[in-house]
Amino acid sequence: MAAPARKRTTDLALHGGAPVRSVPLPYGRQTIRDCDVDAVTKTLRSALLTTGPAVEQFEQAVCRKVGAQFAVAVSSGTAALHAACHAIGIGPGDEVIVPVMTFAATANAVAMCGATPRFADVEPRTLLLNAESVRGLISPKTKAVIAVDYAGLPCEYEALSELCRERGLTLLADACHSLGGALDGKPVGSLADVTIFSFHPVKQITTGEGGMLVTSDEKIARRARQFRNHGITTDVRQREERGTWFYEMAELGHNYRLSDLQCSLGLSQLPAVDEWVEKRRQVAAKYDAAFRGSSFVRPLGSRPSAKHAYHLYVIELKLEALSCGRDEVFSALRAEGIGAMVHYIPVHLHPYYRRTQGTDPGLCPVAERAYARILSLPIFPSMTDADATDVLAALKKIGDHYGK
Ligand SMILES: *Cc1c(COP(=O)(O)O)cnc(C)c1O
């Protein structure tokens, strides 16, 4: 009997060759240590599972970390975006400018307030929103701009702030990718009127699900805090402390609260953020070095004035150098055990916005061109050097196969 044919390691796993990895590498993953488990367990055994002391402690810890005065913890980054839009007074008839290279939630928060997101194209090198593209979209109805620190690179907030100040607009920062980042030494969280963070497991720190908005405007913070608790002016803990049962609902709100279990996890994770961002930067540096002079991979650009938090490591494929498209490279990477992703489908191309706003392809040519070429490679704090080597080996196999 003939021995079974050995799978050749040079053949793409997609075509039956041996994969680079037998255990798949995800594109992102949380880091949970024993101290995190202990922190949650301790709260689980305490009197208050929600609206207890951990909420305010976590809010204050984030304020100190990012140089903000007020913070409001909520149940997700999406809830934080919604609460922020509501708290700055966005409502029906208003327009808010958002970049299209983002997760849909950035624009959805505007729509949830009954207002209209106006879609801005992005810069080709970084895929970030800039002041030029904002300027061209300002109308008498424009009330605010939501800048998105795509991939973890802070936007050019000096120029954006100046433009917003000139035109009387509120500047929000969707910093769901950039906790731990900075611009000219100033931390993300201190660069816009309101900054929004997410604590989803793939983000810099996690609370399972969770989010927060930070601001130095007390009125905005108060309104967001009310919005997260049904529009009620006090929370149950404040009433307890004052010895009263009486409460009033001043406006329509949500249950967007973040529990003490989640806040105690966040409190435990937060002190590690700088170390974890540094680990992400080390992975990015290895990728950067490998792609210098690559015939078919071009990493997105960075800026020396900005500290990149590397939530994502995004590459653009030079399709002219390949005999296939992005989707084949994606499938080939997955077959090799490398969990690539695509961030993002430009928001205006989602059926909901095409139907409700008539935003067809062609509206944002830079983002649409990038969308056909981008891939996010695995990057997370506990990734090893050998993991990153596997990613590069898989890409090399794919380049050798599809390269022209
Ligand atoms: C993750 C993310 C959100 C939403 O955060 P959730 O916590 O998942 O609701 C919003 N905007 C961007 C850019 C994100 O990456």
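Among the residues making up the range 40-94, those that are of a type in the set (D, E, K, R) and out of contact with any strand residue (DSSP E or B) (no Cβ under 6 Å at 6 or more places or on another chain) are 42, 45, 56, 64, 65. Note on the range 41-146: enclosed helices (runs of 4 or more DSSP H) holding 2 or more residues that are within 22 Å of the chain's Cα centre (by Cα) and farther than 26 Å from residue 190 by Cβ are 105-112. Is it the case that residue 329 is part of a helix (DSSP H, G or I), touching a strand residue (DSSP E or B) at 6+ places or on another chain (Cβ under 8 Å) and open to solvent by less than 60 Å² (accessible area, probe 1.4 Å)? Yes; evaluated as a whole, the condition is true for this residue.
When the range 97-109 is filtered for residues that are surrounded by 24 or more Cβ atoms within 10 Å (Cβ to Cβ) and within 14 Å of the ligand (Cβ to nearest atom), the ones remaining, listed by number, are 98, 99, 100, 101, 102, 106, 107, 109. Tell me, yes or no, whether the range 112-124 has at least one residue that is at negative phi, charged (D, E, K, R), away from the ligand (no atom under 16 Å from the Cβ) and in contact (Cβ under 8 Å) with a residue 60 or more places away in the chain. Yes, there is a match, as at least one residue in the range 112-124 is at negative phi, charged (D, E, K, R), away from the ligand (no atom under 16 Å from the Cβ) and in contact (Cβ under 8 Å) with a residue 60 or more places away in the chain. Restricting 183, 191 to those that are among the hydrophobic types (A, V, I, L, M, F, W, C), under 21 Å from residue 64 (Cα atoms), in contact with a strand residue (DSSP E or B) (Cβ under 7 Å, 6 or more places away or on another chain) and open to solvent by 10 Å² or more (accessible area, probe 1.4 Å) reduces the list to 191. Within the range 244-262, which residues are part of a loop (DSSP other than H, G, I, E, B), open to solvent by less than 70 Å² (accessible area, probe 1.4 Å) and closer than 18 Å to residue 52 by Cα? Those that are part of a loop (DSSP other than H, G, I, E, B), open to solvent by less than 70 Å² (accessible area, probe 1.4 Å) and closer than 18 Å to residue 52 by Cα: 244, 256, 258. Residue count for the range 73-98 satisfying the condition of being farther than 22 Å from residue 134 by Cβ and charged (D, E, K, R): 0.
Please determine whether any residue of the range 183-190 is within 16 Å of the ligand (Cβ to nearest atom) and touching a residue at least 60 places away in the same chain (Cβ under 8 Å). Checked the range 183-190: at least one residue is within 16 Å of the ligand (Cβ to nearest atom) and touching a residue at least 60 places away in the same chain (Cβ under 8 Å).
One residue alone among 77, 28, 93 is on the phi > 0 side of the Ramachandran plot and open to solvent by less than 80 Å² (accessible area, probe 1.4 Å), and that residue is 93. Scan the range 357-373 and give yes if some residue there is farther than 21 Å from residue 136 by Cβ, out of contact with any helix residue (DSSP H, G or I) (no Cβ under 6 Å at 6 or more places or on another chain) and open to solvent by less than 20 Å² (accessible area, probe 1.4 Å), otherwise no. No - not one qualifying residue is present in the range 357-373. The condition of being part of a helix (DSSP H, G or I) and of a type in the set (Lys, Arg) holds for only one of 303, 369, 298, that being 369. Look at residue 209 and say whether it is part of a loop (DSSP other than H, G, I, E, B) and either within 16 Å of the ligand (Cβ to nearest atom) or basic (Lys, Arg) (or both). In short, yes. Does at least one position in the range 39-61 carry a residue that is within 16 Å of the ligand (Cβ to nearest atom), hydroxyl-bearing (Ser, Thr, Tyr) and at pLDDT 95 or above? Looking for residues that are within 16 Å of the ligand (Cβ to nearest atom), hydroxyl-bearing (Ser, Thr, Tyr) and at pLDDT 95 or above, one finds none in the range 39-61, hence no.
The values are calculated or read from the model by the stated rules, or taken from the named source; none is laboratory data. None of the values given here were measured: they were computed from a predicted structure. Here the Cβ is made from the backbone with ideal geometry for all residues, glycine too, and neighbour counts use every protein chain on show. The area values use the complete protein model at the heavy-atom level, side chains included, leaving out ligands, DNA and RNA. Shrake-Rupley method; radii C 1.70, N 1.55, O 1.52, S 1.80 Å.
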